[in-house]
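What follows is calculated from the coordinates using simple rules that are stated; it is not laboratory data. A quick note: this is a predicted structure, and the numbers were derived from the prediction, not measured. Note that we place each Cβ from the backbone using ideal geometry, even for glycine, and neighbour counts take in every protein chain shown.
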Amino acid sequence: MNLQNQFEALCSPFTENKPLIYSLWNEIETRYSEKGRHYHDLLHLENMFKELEDVKGNISDYTAISFSVFYHDVIYDASSKSNEEKSAAKAEKRLSELQFNKDRISIILKQILATKAHQRSDDGDTNYLLDADLSVLGKDFKTYSEYTHNIRKEYSIYPDFLYKPGRRKVLKHFLELESIFKTEYFKEKYEAQAKENIAAELQLL
């Protein structure tokens, strides 16, 4: 199922207003297809859903986590430090239009905000979201290198002397975490390779 069909199926239990659903999808598609996006795009969402599909049985609210995936990077500006807060605010506004349950909206907002610091959560679903978001770190080195190349393009407004120290800081932050991945499934699948990839990138910076 492509992303648009998936999004429409996700929304349809909450409203019969097809134009509303279409306008919500259109906004998501437009945002994730913005000119400056080379990694935080629709392909990133597709990859996250592929990863989550394998652990669907472990996720207690798949509807909520799916909305979190769609909205977690809906606002993305490489020069901003408040993308997650702005994305959460956008999700709150749009999901309210859908008449989505307020308590579940607040879960989604927490999940989106958790993608800022990537710290282990007491909420199991949030940990799966975080791990799917970072799964690229544990892919083969060719895929990982393409990811780093695309991230660099997103930050092309910054010259190397500014970009490299910032990137080093991010990578060291990942290595200093107790573990990069929060769930046993993703830890087993990607942790060792992710650490190798990050160490290799640090050598190249």
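Placing unit charges on C-beta atoms (Lys and Arg positive, Asp and Glu negative, everything else neutral), compute the dipole magnitude of the chain about its Cα centre in debye, rounded to 20.
Charge dipole, the chain, about its Cα centre: 660 debye, nearest 20.
Give the distance, in whole Å, between the Cα centre of region 1-73 and the Cα centre of region 134-200.
Using only Cα atoms, the two centres lie 23 Å from each other.
If the chain between residue 99 and residue 122 were fully stretched, how many nm would it gain, using 0.36 nm times the residue separation less the Cα-Cα distance?
5.6 nm
How much net charge surrounds residue 21 when only other residues with a Cβ under 13 Å from its Cβ are counted (Lys, Arg +1; Asp, Glu -1)?
With Lys, Arg at +1 and Asp, Glu at -1, the neighbours total -3.
How many nm is it between the label spots at residue 47 and residue 77, if each spot is 7 Å from the Cα in line with the beta carbon?
2.5
I need the calculated FRET efficiency for the pair residue 110 and residue 179, taking r as the beta carbon distance and R₀ as 22 Å, to the nearest 0.05.
Efficiency, from the Cβ-Cβ distance: 0.55.
Within the chain, which DSSP H helices have Cα atoms that stretch 30 Å or more along the helix axis and a mean Kyte-Doolittle hydropathy of at least -1.0?
none
Along the charge dipole of the chain, Cβ charges K/R +1 and D/E -1, which of 113, 170, 63 sits furthest on the positive end?
Of the options given, the answer is 170.
What is the calculated FRET efficiency for residue 33 to residue 8, with r their C-beta to C-beta distance and R₀ = 22 Å, to the nearest 0.05?
0.80
Please tell me which of these pairs span more than 20 angstrom C-alpha to C-alpha: 56/116; 56/189; 56/172?
56/116; 56/172
Treat every Asp and Glu Cβ in region 72-192 as -1 and every Lys and Arg Cβ as +1, leave all other atoms uncharged, and give the resulting dipole magnitude about the Cα centre to the nearest 20 debye.
It works out to roughly 440 debye.
Rounded to the nearest 0.05, what FRET efficiency do residue 58 and residue 156 have when you use their Cβ-Cβ distance and R0 = 30 Å?
0.20
Could you give the Stokes-Einstein D for region 76-205 in µm² per second, using the C-alpha Kirkwood radius, 25 °C, 0.890 mPa s?
Reported coefficient: 152 µm²/s.
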